[in-house]
1. Which one is most open to solvent (accessible area, probe 1.4 Å) among residues in region 50-67 that are outside any loop (DSSP other than H, G, I, E, B) and farther than 20 Å from Asp9 by Cα?
2. So Gln48 fits all but one of (1) in contact with a Leu (Cβ under 8 Å, 6 or more places away or on another chain); (2) at pLDDT below 90; what number is the exception?
3. Being in a helix (DSSP H, G or I) and open to solvent by 60 Å² or more (accessible area, probe 1.4 Å) is the filter here; which residues of region 73-85 pass it?
4. Looking at Asp70 and the list (1) surrounded by 13 or more Cβ atoms within 10 Å (Cβ to Cβ); (2) touching a helix residue (DSSP H, G or I) at 6+ places or on another chain (Cβ under 9 Å), which single condition is not satisfied?
5. Scanning for something under 20 Å from Arg10 (Cβ atoms), polar (S, T, N, Q) and touching a helix residue (DSSP H, G or I) at 6+ places or on another chain (Cβ under 8 Å), does region 79-87 turn up at least one residue?
6. I'd like to verify a number: residues in region 12-34 that are crowded, with 18+ Cβ neighbours inside 10 Å and free of Cβ contacts under 8 Å to residues at least 40 places away in the same chain, how many?
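The values are calculated or read from the model by the stated rules, or taken from the named source; none is laboratory data. The model shown is predicted, which means the values in this text are computed figures rather than measured ones. Here Cβ is always computed from backbone atoms with ideal geometry, including for glycine, and neighbour counts include all displayed protein chains. These accessible areas exclude ligands, DNA and RNA; they are computed on the full protein's heavy atoms, side chains included. Shrake-Rupley method; radii C 1.70, N 1.55, O 1.52, S 1.80 Å.
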Amino acid sequence: MKIHRESKDRVKDHFVYRRKSKRGWSIVIMLDNIRIDNFHGFPHIHIQKKAGYEEIGIDDPDLVYFIVMDHLERENGLNIEKLKEELE
């Protein structure tokens, strides 16, 4: 049996899904299909329109979650370039 925690929150027009498990953690921003996780052993961000992923500097899922939520509120939506800078 898998043990994990999940949550779903809404900021403006975006839903933010957060999941933690034994394997790692992930945060997904929908409608933009952005995923931030550490399932390959290091934290990184998957951007839907680009292939692959880009590493980020923060490996604390709670901190990443709060940065994402604050970013969506402050920017009144998603600015992917600014979010990547905030996660370095």
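1. Here the answer is Glu55.
2. Of (1) in contact with a Leu (Cβ under 8 Å, 6 or more places away or on another chain); (2) at pLDDT below 90, only one is false for Gln48: (1).
3. Start the filter on region 73-85 by keeping residues that are in a helix (DSSP H, G or I), which leaves 73-74, 80-85.
Across region 73-85, the qualifying residues are Glu73, Arg74, Glu81, Lys82, Glu85.
4. (1)
5. There is at least one residue in region 79-87 that is under 20 Å from Arg10 (Cβ atoms), polar (S, T, N, Q) and touching a helix residue (DSSP H, G or I) at 6+ places or on another chain (Cβ under 8 Å).
6. Of the residues in region 12-34, 3 are crowded, with 18+ Cβ neighbours inside 10 Å and free of Cβ contacts under 8 Å to residues at least 40 places away in the same chain.
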